[in-house]
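Engineer: Got a structure for you, questions after.
What follows draws every value from the coordinates through simple rules; no lab data is involved. Predicted model only: the values in this text are computed from it and were never measured. Cβ sites come from the backbone with ideal geometry, for glycine too, and all protein chains shown count toward neighbours.
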Amino acid sequence: MSQSERIHGSDLLPLPIAAALVYDSLASHLEAAHATEEVHDRLDGAAVALASLAPIYRTDGDEPLVVTQSALAAGRFTDGAETLRFSDGREPISALAIRRGDLYTAIEQIKTARHTLIRRLQ
């Protein structure tokens, strides 16, 4: 990663918070979740949507690193988007984050897709 491409911690938002913002942006169209497990499932789903639209970073080292597409495909988000777990015995990845700018772009893409789908289903 070059100096001009270096990601700073202040550019990143923890993935659970980002997932909550995505969920909140759609919440008026969803039935309220009451149980902790149900909320976690919805945040995990929001993290999947985000990961399909923008790079996800791990921030547990000296510098943020992009989580590879192969790792994202092999893993599943758990614990309300806190952790990416693997069934093949790999160590889970936590301290996940997304760039703030990527989050806002992804939210707009999700909203646009939702509106388009609703119009087509009417």
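Engineer: Using alpha carbons only, how many degrees (0 to 90, rounded to 10) separate the axis of helix 36-53 from the longest principal axis of the chain?
Structural biologist: Tilt of helix 36-53: around 70 degrees.
Engineer: Then there's this: Which is farthest toward the positive dipole end of the chain among L96, L50, L13, measuring Cα position about the Cα centre, with Cβ charges +1 (Lys, Arg) and -1 (Asp, Glu)?
Structural biologist: Farthest along the dipole direction, towards plus: L50.
Engineer: Same structure, new question: Taking Cα centroids, how far is region 85-122 from region 39-67 in Å?
Structural biologist: Result: 8 Å between the Cα centres.
Engineer: Same structure again: In debye, nearest 20, what is the charge dipole magnitude of region 10-121 about its Cα centre with +1 on Lys and Arg Cβ and -1 on Asp and Glu Cβ, if you could check?
Structural biologist: 580 debye
Engineer: For region 32-80, which trypsin sites (Lys or Arg not before Pro) are in a loop by DSSP, counting at most 12 other Cβ atoms within 10 Å?
Structural biologist: none
Engineer: For the chain, take the longest principal axis of its alpha carbons; what is the angle in degrees between that and the long axis of helix 100-121, to the nearest 10 within 0 to 90?
Structural biologist: Compared with the principal axis, the helix lies near 30 degrees.
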